[in-house]
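Scroll down for the structure; my scribbles are underneath it.
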Amino acid sequence: MLTLHFAPNSRAGRIVWLLEELGLPYDINKMAFHPQDLKSDAHRARHPLGRVPVLDDGEIRIFESGAIVEYVLARHKNGGLRPGQDDAMFPEYLQWFHYCEGMVMPPVNTIVVQTVLLPPDRRDETALGQAKRLLGKALEPVNEALAGRDYLIGDFSAADVMLGHACFMSNRLGCVSDAMPHLKAYVERVENRPAFKTAIEMQ
């Protein structure tokens, strides 16, 4: 049985979404998004930095959301939700899968820190403005790629689990403008997927 160590409003939501899309059975160890839980000795034994998600699969333990997604697809669904290596869409699938953490999530992280995690007297409006501009620029190619497509490579894939979740977070932060109509519609499609709704209800 897969066990997911989870905290709300984190990248762990991606893994719940993936497991629900694939119909895989799993258990949840739900923790508070608070140092009391995440920095506890018990959780630091799972992740050296006290982060989530962490996935246990029998004797195997793995962290980093992208690595978990790739592991689950390879070990439990024989490549489901991703094109084969010889598929014409495989390079684009890889691109958007990794674009999430490389380009979109760094400014999202800064925005969350500057608007939620830091107390008001420690927030930096300059850093916040820079992060919002950077996120806007990072989202523009995603909006363009979605023209004429329901999902990033046409059909729903694990690239949507990664980047779609990041786009949802960006939209929730007010950073997906009306000037990105394809991305706005995409986020709405993501939000309407039953498996995504299940993941968000755990937040």
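Remarks
- Within the range 51-152, helices (runs of 4 or more DSSP H) holding 2 or more residues that are within 30 Å of residue 181 (Cα to Cα) and among the β-branched types (Val, Ile, Thr): 105-112, 125-145
- Taking the criterion of being basic (Lys, Arg) and surrounded by 14 or more Cβ atoms within 10 Å (Cβ to Cβ), the residues of the range 116-143 that qualify are 123, 132.
- Odd one out for residue 113 among (1) touching a residue at least 24 places away in the same chain (Cβ under 8 Å); (2) assigned by TED's automatic domain parsing to the domain that holds residue 156; (3) crowded, with 16+ Cβ neighbours inside 10 Å: (1)
- Just one of the listed residues (90, 6) is of a type in the set (Phe, Trp, Tyr) and under 21 Å from residue 202 (Cα atoms), namely 6.
- Boolean, residue 56 is over 23 Å from residue 194 (Cα atoms), of a type in the set (Asp, Glu) and touching a Ser or Thr at 6+ places or on another chain (Cβ under 8 Å): yes
- Pairs, first closer than 15 Å to residue 141 by Cβ and part of a helix (DSSP H, G or I) in the range 154-172, second β-branched (Val, Ile, Thr) and at pLDDT below 95, C-beta under 8 Å, six or more apart: none
- If the condition is being loosely packed, with under 15 Cβ neighbours inside 10 Å and under 16 Å from the mean Cα position of the chain (by Cα), then the range 150-191 contributes 172, 188, 191.
- Odd one out for residue 75, checked against (1) of a type in the set (Lys, Arg); (2) under 30 Å from residue 57 (Cα atoms); (3) in contact (Cβ under 8 Å) with a residue 24 or more places away in the chain: (3)
- Beta carbons closer than 8 Å, at least 6 apart along the sequence or on distinct chains, pair a first residue in the range 131-150 that is more than 13 Å from residue 184 (Cβ to Cβ) with a second that is basic (Lys, Arg) and assigned to a helix (DSSP H, G or I) for 150/189.
The values are calculated or read from the model by the stated rules, or taken from the named source; none is laboratory data. Values in this document were obtained by computation on a predicted structure and should not be read as measured data. A quick note on method: Cβ atoms are made from the backbone with ideal geometry, for glycine too, and the neighbour counts reach across all protein chains shown.
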